[in-house]
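Remarks on the structure that follows.
Every read-out reported here was derived from the displayed coordinates using simple, explicitly stated rules and does not represent laboratory data. None of these values were measured; they are calculated from a predicted model. Cβ atoms come from the backbone with ideal geometry, glycine included; neighbour counts cover every protein chain shown.
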Amino acid sequence: MRVRPTLAAIAGIAVLGLALQGCTGSSSNTSSTGGAVNGAGKTLDVLVAANTLYPDAQKQWFSDVSAQFQKETGATVKFETFATTNDELTKIQTAVVSGQGPDIYNLGTTFTPTAYSTGAFVTMTDDDWNKVGGRDRFVPATLGISGPDDNDQIGIPFASRPFVMAYNKDLLAAAGIDKPATTWDGLAQQAQKLTSGDTYGLAVAYADSFDPWKFIWGMSIQAGNPIIDGKTARIDDPVTEKAYQSYFGWLTTQHAVDPASVSWKNAQAVAAFAAGKAAFLPMTSATSKVTLDKSAVAGHYAYALLPTIPPGQTSLPSGGKAATSIISGDNTVVAKYSQNQDLDFALIKMLTSADNQTDYYKRFGELPTNQEAATALETGNADLAPILDSSAQSVGTPFSGAWGDTQLALVNVVVQSIPSLSSGSVSDSDLETQLKAAQATSQASLDKAK
Amino acid sequence: MSLQSAKRRRTLSTRNRPLWMLGPGLVLMALVIIIPLGLALYMSLLDLDQYTLRSWLQAPFIGLQNYVEAVTASPLLRSIWISVSYAVVVSLVTLPVGVAAALATQNRFKGRALVRSVFLIPYILPAFVVGTVWRTMMQQGGVIDSALGSAGVHTGLWLNGPQSYWTLIIVQAWSSWPFFYLLVLAGLQSVDSEVHEAAALDGAGWWIKLRYVIFPYLRGPIALALIISLLHNINSFTLPFVMFGVPAPQDVQVLSVLTYVTSFQSFRFGLSAAMAVASLIIVAIPLFVYLRAVRLDTGEEGKRA
């Protein structure tokens with residue numbers, strides 16, 4: 001019989017928690033004896049996102065890491081993967097409630113605030129930072145979303161995947177455009193100029209569950225609105241409304257976006273660009289290189305920074321931040337319940353070393369968070385410059401437990417506007433109604449934040 | 001046999017009933033149903049969220065506030081309306097289709113086994129697959145749009161806006177009608193061949209035979225199928241989740257998706273437990289009506305009385 005799945009799931013987690021609460025805290029701690037940590041015979045459990053682009057390379061990496069770690073400390077590493085964000089959330093929730101699970105988690109950067117608010121992960125002391133090789137070894141910008149402030153950080157930067165924009169060099173040259181615009185208004189104009197027949201200026205995934213908020217947040221913070229300002233939500237701010245208007249305007253005013261994109265997810269936007277049907281692919285990361293290099297546009301495209309001048313402006317307004325991207329990538333966190341914390345830190349130290357970070361970039365195309373490795377990479381690769389620039393100019397999304405809800409509310413505005421968007425115009429009054437609802441949701445969530 | 005002795009025998013058999021044999025079942029029921037349900041009820045009274053999850057037994061007790069919030073400040077009532085109305089429509093649409101299909105495959109004909117198997121395909125496909133395939137077909141500029149477009153019909157958005165409600169009904173109906181078909185087919189097997197003969201001897205036409213001879217046999221299976229189908233549709237999560245994603249367009253934010261989002265995206269476990277309890281009550285209403293109707297709840301004694 002099918003019994004209320006959600007109810008059962010919630011209750012299941014609860015039961016698990018009850019059953020397991022008594023079991024923790026029994027085994028002994030790893031002893032740390034000065035330099036190298038001795039972990040002979042121990043196994044660390046690490047949860048990471050499944051790499052759908054390079055599944056085989058990831059398996060190889062798992063066994064290589066484990067072998068290297070065994071050589072250094074005597075301990076082995078067991079990797080667990082999660083396939084989707086939902087999968088990730090469920091695993092973390094179960095572990096949080098039961099006080100049992102992986103020792104180390106690789107979390108998406110924007111999920112770090114939520115993880116922090118559960119209080120289930122180790123807040124790094126100076127001593128802890130030293131155990132992972134010191135705060136100084138990381139690219140400063142990547143530390144921006146490790147915690148609410150410098151003294152309360154849980155996230156150790158592991159990989160950087162900043163957002164950039166891909167553009168089709170041939171289409172731009174044909175239209176007589178020598179380089180991509182650096183203002184959002186300029187980009188919209190270029191996109192309009194580049195649209196003809198079934199080729200469009202921009203490939204935008206309006207129906208994606210994550211893309212829309214990145215645009216809106218980016219344009220807002222450039223105009224000086226961080227969306228969450230201390231204890232106040234500012235979704236109903238005029239600059240945010242303006243951001244939505246220009247985001248929708250690409251379709252309704254400039255007609256520079258394929259009308260079908262109202263039902264596109266990110267992968268479909270990438271596919272349209274890959275097929276040469278769009279001049280710009282905004283909001284993509286270096287990981288799209290794999291797809292694009294095997295596509296019709298291979299060799300005919302380049303990456304550029306996303307515009308940093310907000311809609312309606314010709315220069316950065318006072319109070320605005322020239323954010324090129326959210327701080328995007330992975331943070332590593334250590335579970336408080338882990339019995340082998342010194343060993344955990346030893347593994348993280350190994351993984352964030354310059355050599356291993358360079359190696360990780362070579363295998364997966366994700367940028368190093370290790371400063372030494374990043375500098376080395378920059379000197380050797382000119383075409384990576386925009387991506388490395390974007391990494392350095394990334395700005396962290398607000399570090400608040402309410403960010404998850406706020407992000408959802410920002411996307412929800414787009415989801416509920418899709419019918420009007422599809423019919424050709426999103427009226428200001430409709431948009432304002434949506435923004436008011438989103439503002440209320442976000443503020444309510446902020447009021448609950450502790 | 002005197003009344004006296006009959007009475008004594010019953011007391012004797014009551015006394016010696018091996019009730020302990022119910023033990024394992026009781027333990028299982030407690031583990032699987034009673035304890036989780038009790039916990040969910042308790043959770044619905046707590047202010048349980050991401051901040052309190054770690055030591056959830058110490059989460060602040062806030063009484064009925066979650067219920068108040070669910071009713072006054074969340075889309076719960078709207079979601080209930082969407083879930084219930086869509087479940088009713090799907091059940092009513094699929095009922096005649098299932099009955100017709102069962103009747104059509106009742107008599108022997110060449111290839112009947114094949115047709116019967118083909119009929120079951122929509123039902124055995126995982127909801128995830130059904131959702132993904134239909135979503136791909138129904139997206140803007142997709143197969144369905146271009147097919148209808150070439151016939152001169154322009155329908156607009158399927159996966160968002162008011163029409164998405166009907167999209168959900170169409171797809172859910174497509175994947176669930178074989179359920180009626182299965183139960184009605186089973187019901188048809190219980191019609192004695194003598195009944196068919198007698199009806200034929202009396203010269204009954206096909207409609208008279210169907211209406212007055214066959215349908216009375218099917219009343220039970222159809223009522224059961226209706227109730228299960230209603231419950232199934234009200235609880236349906238995978239199909240709307242896969243087809244419309246989250247955040248869901250407001251016209252298809254069904255109860256199960258709302259509860260899921262509240263729990264696993266907003267981390268309001270207490271609030272979503274309250275929503276889940278509310279949905280449990282809604283599901284319990286048709287179930288109760290059905291159990292009363294077939295008197296399954298009162299057992300043999302009740303039936304005799």
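Against the empirical curve 2.2 N^0.38 Å, the C-alpha radius of gyration of segment B:76-267 lands at a ratio of 1.22. Considering only A:ALA409, B:PHE128, A:TYR247, the residue lying farthest towards the positive end of the dipole of the protein assembly as shown is B:PHE128, judged by Cα position with unit charges set on Cβ.
Taking amide H atoms as placed 1.01 Å from N in the peptide plane, the amide H of B:GLY141 has no partner under 5 Å among residues 5 or more positions away or on other chains.
The ranking of A:MET350, B:MET137, B:MET275 from fewest to most other beta carbons within 10 Å of each one's beta carbon is B:MET137, A:MET350, B:MET275.
Near B:LEU46, the amide H atoms lying under 5 Å from its own belong to B:ILE62; only residues 5 or more places off or on other chains count, and H is placed 1.01 Å from N.
Hey, can you rank A:302-312, B:116-126 by average C-beta count inside 10 Å, highest first? All intermediate terms of the calculation are to be shown ahead of the outcome.
Values: A:302-312: 21.5, B:116-126: 13.3.
Descending packing order for the listed peptides: A:302-312, B:116-126.
Sequentially through segment A:394-407, phi angles give Karplus couplings (6.51, -1.76, 1.60; θ = phi - 60°) of 5, 10, x, 5, x, 8, 9, x, 8, 5, x, 5, 5, 4 Hz, Gly and Pro residues having no value and appearing as x. When the alpha carbon coordinates of chain A are projected onto the principal axes, the ranges are 66, 51, 51 Å, largest first.
Our summary gives chain A a relative contact order of 24 percent, counting only alpha carbon pairs under 8 angstrom and 6 or more residues apart.
Other chains near B:51-62: what is the mean number of their Cβ atoms within 10 Å of each residue's Cβ?
On the way: counts 7, 4, 10, 10, 6, 7, 4, 0, 0, 0, 0, 0.
Mean number of neighbouring Cβ atoms from other chains: 4.
What ranking, highest mean first, results for peptides A:66-75, A:276-285, A:153-162 when packing means the other Cβ atoms within 10 Å averaged over each residue? Don't skip to the answer; put the middle values down first.
On the way: A:66-75: 16.5, A:276-285: 24.6, A:153-162: 26.5.
The densest-packed peptide leads the list: A:153-162, A:276-285, A:66-75.
The mean number of Cβ atoms from other chains found within 10 Å of a Cβ in peptide A:415-422 is 5, as a whole number. Modelled label positions at A:ALA275 and A:LYS179, each set 7 Å beyond Cα in the direction of Cβ, lie 3.2 nm from each other. By the count of other C-beta atoms within 10 Å, a proxy for reagent exposure, B:TYR212, A:TYR361 are ordered fewest to most as B:TYR212, A:TYR361.
With neighbours defined as other Cβ atoms within 10 Å of a residue's Cβ, the residues A:ASP211, A:ASP428 order from fewest to most as A:ASP428, A:ASP211. In sequence order, segment B:46-51 has phi-based couplings of 10, 8, 9, 9, 4, 7 Hz under the Karplus curve 6.51 cos²θ - 1.76 cosθ + 1.60, θ = phi - 60°, and Gly or Pro positions carry x. For segment A:133-143, putting each phi into the Karplus relation 6.51 cos²θ - 1.76 cosθ + 1.60 with θ = phi - 60° gives couplings of x, x, 5, 5, 6, 9, 4, x, 4, 6, 7 Hz, in residue order, rounded to whole numbers and with x for Gly and Pro.
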